[in-house]
Amino acid sequence: MPSYFIWTIGCQMNKAESQQIAGYLNSAGYQAATSFSSADLVVLNTCVVRQSAENKVLGTLGLLKGLKDKHPDLQILVTGCFVNSHTQELQQRFPHVDLLFKPGDYPELIAWGERRGMPVEQRLLRYPRNDGRMAFSPCALIPIIQGCDNFCSYCIVPYRRGREVSQPVGEIVCEVAELVGRGIKEVTLLGQNVDSYGHDLQGHPDLADLLNELSSIDDLVRIRFLTNHPKDMSLKLIETISSLDKVCEHLELPVQSGDNDILKAMRRGYTVERYRELVQIIRSGIPQISLSTDIIVGFHGETEEQFEHSLSLVQEMKFDVVHLAAYSPRPGTIAWREYQDNIPAEVKKERLNKIEELQTTIASEINSQLQGREVEVLVEGRKKEKWFGRTRSNKLVFFEDAGDRLGQLARIQIEKTSPWSLGGQAKK
Ligand code: SAM
Ligand code: SF4
């Protein structure tokens, strides 16, 4: 049997798409390999959101060139946000790559496979499914809306992933029901902005409508979704989260900056005041909510005072998790065309460290409140001789148990907490 190896970096959407590609390759008679060097076909699923990610892609492409020189039959496929509209130019730059296809462009992948005589089941022609033949996890990632219409000034995603296209409610419900039939207990619905879901569909269903439909699938235990956009999140959605038992109390709500002028230059479409008000409404409607956010430091012209506004917002909001990034200019974006990258790298690093330090203290305090408490964990796998899984609020929990707990809901008494994870004993 020929074999494949998929290398994935970047967001959850990339992870979901790698599972879909694996589903296609499995259906075409391939089996998974454990490394580049043991595979007949390699897929690079790439990210270029920051220069550091792009550098990793370039490094891996260089490594694969060496491998292909030694094994000329090796097939190399590249997808993800590295693939721009100028595929011919990219092809000339990287002649050792056999196929470049845009994120989610499965017709291109399948046509390539067909030219090479790879059989494809008819039902896979529109988009391949995660077929569960990769290592089993009780949690599945389900893309519900592709692309982004927002054009935040720093962001390359809309240029690489195109405009928003939602998947119809009925198709998502069928897919989730099928996955649940195979043992999946939790789904995470994915979109660059899940609050835009459905505006392009007949009847304009929204995320709240989709959550209601999915909630009625028996044996589906948990539903999550990401990412929300502070300018678009609706009261209807907040009420729906609070009323549906299966929807977990966790939100990813990126603020990006705590300064109104920076938010304006980023084209985020909201102010700090609006963000604060939204968080108040969320917290009063869903008291158990855990909140994650994203912050970029060192955006064009960010003064020390403007940075302090981000720092004090982090202090005030008490997020559970903060994903931090130093501004990285991305060719073709509005900020790249109109602004300078004028904050020195060492200042960006200092600012990152300051927020990181503050957030570590905050997360440590929040998590320590779980000491001695009992939490429910959906067990996802094993790492270093321990089982691990997540609480409904997305806290990572480790515990020891001699039995097979994969896919089970376990009650864990928390004995150890840190800013990043929790540890405890399974209750019998
Ligand atoms: N759609 C989500 C949103 O509205 O925030 C996030 C998608 S983006 C691919 C993921 C994160 O990468 C962003 O939240 C932002 O913090 C970070 N990011 C995007 N472009 C960046 C850039 N040019 N420099 C640094 N960080 C960036
Ligand atoms: Fe990028 Fe903004 Fe779209 Fe998120 S909402 S993907 S940050 S353009």
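Bear in mind these aren't lab numbers, they're just calculated from the coordinates by the rules spelled out. Keep in mind that this is a model prediction, so the values were computed, not measured. Glycine gets a Cβ as well: all are built from the backbone with ideal geometry, and neighbour counts include every protein chain shown.
Points to keep in mind about this one:
- Mean projected area of the Cα convex hull of the range 236-324, taken over all directions, amounts to 5.8 nm².
- Among beta bridges that DSSP assigns inside the chain, antiparallel share in %, nearest 5: 35
- Other residues whose C-beta falls under 15 angstrom from the C-beta of T361 contribute a net charge of -3, scoring Lys and Arg +1 and Asp and Glu -1.
- Among beta bridges that DSSP assigns inside the range 281-428, antiparallel share in %, nearest 5: 65
- Whole-percent pair-distance distribution, where bins are 5 Å wide, for the alpha carbons of the range 1-116: 2, 11, 23, 27, 23, 11, 2, 0
- DSSP loop chymotrypsin sites (Phe, Trp or Tyr not before Pro) with at most 15 other Cβ within 10 Å excluded, longest remaining stretch of the chain: 152-419
- Packing-based exposure ordering (other Cβ within 10 Å, fewest first) of T391, T60: T60, T391
- Using the Cβ-Cβ distance between E213 and Q340 with R0 = 41 Å, the FRET efficiency computed as 1/(1 + (r/R0)^6) comes to roughly 0.30.
- Pairwise Cα distances in the range 295-428 exceed 22 Å for 52 percent of all pairs.
- D (Stokes-Einstein, µm²/s), Kirkwood Cα radius, the range 370-415, 1.567 mPa s at 4 °C: 124
- Residues whose amide H lies under 5 Å from that of G104, counting only those 5 or more places away or on a different chain, are G80; hydrogens are built 1.01 Å from N in the peptide plane.
- F225 long-range amide H proximity, modeled H, under 5 Å: L189
- Fewest-first ranking of T333, T360, using other Cβ atoms within 10 Å as the exposure measure: T360, T333
- Percent of Cα pairs in the chain per distance bin of 20 Å, from zero to the largest separation: 23, 57, 19, 0.
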